[in-house]
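Shown next, in structure tokens, is the structure this report addresses.
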Amino acid sequence: LNGKYKAFLTAPNQEWELVSSPSVAIGDVSFLVHNTLSANYDISIGGSIAWNGVKTNIGGGFQTSGSNINKFVAPVSGSYMFGVYITHRDASCDFTLYVDDVATRDIMSGESTTYDDTFNVMVPLSANNVVDIRARGSTVTLYGTSQVFSQNSWWGFKVGPGTPAITNYSYKRTV
């Protein structure tokens with residue numbers, strides 16, 4: 001009925017429209033992004049990884065366009081947990097987590113004989129802080145998806161519960 005519902009029990013000629021329903025709580029924030037390039041690619045010193053595949057983006061913090069493309073912008077203040085998994089060709093893989101263009105935490109450092117690394121870190125953020133991951137020390141070659149073991153990904157979430165946004169269904173009478 002065009003998104004409207006009839007009240008069949010006591011008033012069969014009335015129509016009601018759903019105007020709100022339970023949703024994600026305000027402050028619930030999480031994202032999971034990955035890279036979908038098939039070929040290996042270089043990240044130069046200071047360069048960011050192109051996270052061009054978005055699996056989830058609850059709260060809209062991960063930016064897919066504009067001046068903050070491939071970065072996370074905190075929609076609300078709080079503690080955030082970030083993690084990254086990188087598969088790389090080089091014996092040395094150095095990356096740093098940046099907040100508002102300031103190197104905040106080295107998240108991968110040193111040499112690896114397995115050529116894949118993972119790291120998790122929790123950082124306090126204010127609303128609108130901008131977070132990204134950049135290469136440090138030397139150019140790093142990341143494996144593309146043509147490599148069977150390549151699953152380069154970055155994830156993050158706000159620690160703790162959000163504030164319930166809408167706790168029940170709401171209707172309005174239209175006829």
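Of the residues examined, residue 120 is not one that is touching a strand residue (DSSP E or B) at 6+ places or on another chain (Cβ under 7 Å), at pLDDT 75 or above and either open to solvent by less than 60 Å² (accessible area, probe 1.4 Å) or not in a strand (DSSP E or B) (or both). Here segment 1-58 is the region considered, the condition is being at pLDDT below 55 and in contact with a Pro (Cβ under 9 Å, 6 or more places away or on another chain), and the residue that is nearest to residue 81 (Cα to Cα) is 22.
Scanning segment 65-88 for residues that are surrounded by 14 or more Cβ atoms within 10 Å (Cβ to Cβ) and either in a loop (DSSP other than H, G, I, E, B) or at positive phi (or both) yields 68, 69, 70, 71, 74, 75, 76, 77, 78. Among the residues of segment 41-58 satisfying the criterion of being open to solvent by 50 Å² or more (accessible area, probe 1.4 Å) and part of a loop (DSSP other than H, G, I, E, B), which is farthest from residue 96 (Cα to Cα)? Among those residues, the one meeting the criterion is 52.
The values are calculated or read from the model by the stated rules, or taken from the named source; none is laboratory data. As the structure is a prediction and not an experimental result, all values here were calculated from the model. Don't worry about glycine lacking a Cβ; one is built from the backbone with ideal geometry, like all the others, and counts go over all protein chains shown. Ligands, DNA and RNA are stripped out before the accessible areas are found, and what is left, the full protein with its side chains, is counted by its heavy atoms. Shrake-Rupley method; radii C 1.70, N 1.55, O 1.52, S 1.80 Å.
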